[in-house]
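The values are calculated or read from the model by the stated rules, or taken from the named source; none is laboratory data. Everything numeric here is computed off the predicted structure, so don't read it as measured data. Positions of Cβ are generated from backbone atoms using ideal geometry, with glycine treated the same way; all protein chains shown enter the neighbour counts. Just so you know, the surface numbers come from the protein's heavy atoms only, side chains and all, with ligands and any DNA or RNA stripped out. Shrake-Rupley method; radii C 1.70, N 1.55, O 1.52, S 1.80 Å.
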Amino acid sequence: MSLSSLSLDSKPRFAVGAPRHHRYPPLHHPRTFIPCSPKRHTVSASLSVTTDSAATKSLERIESLSQVSGVLGCQWGDEGKGKLVDILAQHFDIVARCQGGANAGHTIYNSEGKKFALHLVPSGILNEDTTCVIGNGVVVHLPGLFKEIDGLESNGVSCKGRILVSDRAHLLFDFHQEVDGLRESELAKSFIGTTKRGIGPCYSSKVIRNGIRVGDLRHMDTLPQKLDVLLADAAARFSGFKYTPEMLREEVEVYKRYAERLEPYITDTVHFMNDAISKKKKKVLVEGGQATMLDIDFGTYPFVTSSSPSAGGICTGLGIAPRAVGDLIGVVKAYTTRVGSGPFPTENLGPGGDLLRLAGQEFGTTTGRPRRCGWLDLVALRFSCQINGFASLNLTKLDVLSNLEEIQLGVAYKKSDGTRVDSFPGDLRLLEELQVEYEVLPGWKSDISSIRNYADLPKAAQQYVERIEELVGVPIHYIGIGPGRDALIYK
């Protein structure tokens, strides 16, 4: 079956009152997916665009951004934030991560088209003049961080003196990952569907105040006692976690070596960031991990991440004042995807969802898991824009929709009795029972991956973009039509 066969007949159909994701389902039954042709992965040598007018517009767009700007996800993650950060980083002095951990997976390409999958290192690292900050709100798995740095260095990307790690950031240990798996097993049918990277358990340690911070590695005399408290707590909570004195000794020895290697990276990033903004007038770009609909407060709780990927997380995760934060760009796919369990109102469980997955190569950067796919949910997008106050949007992967006869937009939610629901509800039971009202727009049935001027897009593609702007009330300034640095239209 080709993408061209997707039409109205494959739209999601939901019975009144029937749950669309079965509340506590396994993620997916094992199934075989055929890899998509790599046609989308044509990467040009630079950000340069094909006409002078497009180049001028791109420069004007970027230079108009405020001193402290941010790139945040609008949906359930995997929107393509890393690419925009990589492009914008060429015009910023600092790129900073403010929350999350190695559960983030940001894929970027260098000027030669080489692919890099980043998890902890900010996506500005490929731009040699950019300083990358891992803020206090991030949880840091040192083995993973060093592996990432070694991989970058082996591919010619210099990291020396360019990565700063907050002394206030919490350390994520291997046993946090083990506990994450034990917790998921304990939940059985109600599991969250985490990446099992230990993110939740590490944030739990932070919140119950027995966590260990990066700065604690400077005091190795007290590290054994602090580690003992953490390990004993895990053993008391989970019968499957076996803690021995030998485990403690081994962990202490490992972290003595890590402490020595990490020392050049450790920084009071709160002071660094505020000094850079207020005194040195440096330009700062904040890179969010995950996305708003996974926010611990505003997402589909409890099927969420353990941090605040929305705008509020910028201030708490970096220690900068709200008044310092300027333009925020929301990144949103031209359709919707989700990994893990939880509500997904516009999910397409039929062949249409499979076709989107194949065309968009929707498999997790961090886990490799197949992503659940569906139509663009404008109710969720409006909610995300409301919370974050986005100045503009980056609509990504518009090219994935190129061969569709018709494209649907989820424009409203209704209860089973027909009553309209005006905003994204926090009540999961209500969310499960909602019906989605769709608008159907014509497809454009042509390859748009080589287009660099908005005016050159097919009229149907322009209609799709402008209808989203109209219904959401936020302008779309950036349109992704492929993974490469140059595959971006500035509107």
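In region 379-400, what residues are more than 15 Å from residue 467 (Cα to Cα) and either at pLDDT below 95 or in a helix (DSSP H, G or I) (or both)?
Hits for region 379-400 are 380, 383, 384, 385, 386, 387, 388, 399, 400.
Please go through region 454-468 and pick out each residue that is open to solvent by 30 Å² or more (accessible area, probe 1.4 Å) and in contact (Cβ under 8 Å) with a residue 24 or more places away in the chain.
454, 467
Conditions tested, residue by residue: (1) open to solvent by 60 Å² or more (accessible area, probe 1.4 Å); (2) closer than 23 Å to residue 305 by Cα; (3) touching a strand residue (DSSP E or B) at 6+ places or on another chain (Cβ under 6 Å).
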{"residue": "203", "(1), (2), (3)": "no, yes, no"}
{"residue": "206", "(1), (2), (3)": "yes, yes, yes"}
{"residue": "211", "(1), (2), (3)": "no, yes, yes"}
{"residue": "216", "(1), (2), (3)": "no, no, no"}
{"residue": "235", "(1), (2), (3)": "no, no, no"}
{"residue": "240", "(1), (2), (3)": "no, no, no"}
{"residue": "259", "(1), (2), (3)": "no, no, no"}
{"residue": "267", "(1), (2), (3)": "no, no, yes"}
{"residue": "274", "(1), (2), (3)": "no, no, no"}
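Taking residue 298 as the residue in question, decide whether it is aromatic (Phe, Trp, Tyr), at pLDDT 95 or above, closer than 30 Å to residue 460 by Cβ and assigned by the TED database to the domain that holds residue 97.
In short, no.
Which of the residues belonging to region 404-415 are open to solvent by 70 Å² or more (accessible area, probe 1.4 Å) and more than 14 Å from residue 345 (Cα to Cα)?
405
Answer yes or no: is there a residue in region 179-197 that is buried (at least 20 other Cβ atoms within 10 Å of the Cβ), outside any loop (DSSP other than H, G, I, E, B) and in the same structural domain as residue 249 (by the TED database).
Yes: region 179-197 contains one or more residues that are buried (at least 20 other Cβ atoms within 10 Å of the Cβ), outside any loop (DSSP other than H, G, I, E, B) and in the same structural domain as residue 249 (by the TED database).
Does region 435-445 include one or more residues that are touching a Lys or Arg at 6+ places or on another chain (Cβ under 8 Å), closer than 22 Å to residue 360 by Cβ and among the charged types (D, E, K, R)?
Among the residues of region 435-445, at least one is touching a Lys or Arg at 6+ places or on another chain (Cβ under 8 Å), closer than 22 Å to residue 360 by Cβ and among the charged types (D, E, K, R), which makes the answer yes.
Go through region 317-336 and report how many residues are touching a Cys at 6+ places or on another chain (Cβ under 8 Å) and surrounded by fewer than 24 Cβ atoms within 10 Å (Cβ to Cβ). Step through it out loud before you land on a result.
Going through region 317-336, the residues touching a Cys at 6+ places or on another chain (Cβ under 8 Å) turn out to be 317-318, 321-322, 325, 330-332, 335-336.
When the remaining residues are screened for being surrounded by fewer than 24 Cβ atoms within 10 Å (Cβ to Cβ), the result is 321-322, 325.
Result for region 317-336: 3.
What number of residues in region 303-316 are open to solvent by 20 Å² or more (accessible area, probe 1.4 Å) and in contact with a strand residue (DSSP E or B) (Cβ under 7 Å, 6 or more places away or on another chain)?
Counting residues in region 303-316 that are open to solvent by 20 Å² or more (accessible area, probe 1.4 Å) and in contact with a strand residue (DSSP E or B) (Cβ under 7 Å, 6 or more places away or on another chain) gives 1.
Quickly run through region 70-97 and pick out the residues that are open to solvent by less than 10 Å² (accessible area, probe 1.4 Å), closer than 18 Å to residue 148 by Cα and not aliphatic (A, V, I, L, M).
If the condition is that a residue be open to solvent by less than 10 Å² (accessible area, probe 1.4 Å), closer than 18 Å to residue 148 by Cα and not aliphatic (A, V, I, L, M), then 82, 86, 97 are the ones that fit.
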